[in-house]
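The values are calculated or read from the model by the stated rules, or taken from the named source; none is laboratory data. Quantities reported herein were computed from a predicted structural model and do not represent experimental measurements. Counting neighbours? That spans all protein chains shown, and the Cβs are built from the backbone with ideal geometry, glycine included.
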């Protein structure tokens, strides 16, 4: 079990209704959605997953760039954007 499931297990002690979010890609080897779902199921928490398609990326790219405001060379910014977008939808 990795660090993230351990953190979720600890957080669940303080919030029984905790939700988890994960993103992945269609490319083999670039998605941990199955692992996240399995971990969430074993921990008894809701998991919201988004598989980012090339079409989703191209459609959202202008908005992602707008939110970044300055050039950022962090490849994690793209999945983070989609994860935040999904978490906002669950409120």
Meets criteria (surrounded by 14 or more Cβ atoms within 10 Å (Cβ to Cβ) and in contact with a strand residue (DSSP E or B) (Cβ under 7 Å, 6 or more places away or on another chain)) for residue 52: yes
Positions within region 53-77 being modelled with pLDDT of 90 or more and closer than 17 Å to residue 31 by Cβ, in sequence order: 53, 54, 55, 56, 57
Test: residue in region 62-77 that is part of a helix (DSSP H, G or I) and in contact (Cβ under 8 Å) with a residue 24 or more places away in the chain: no
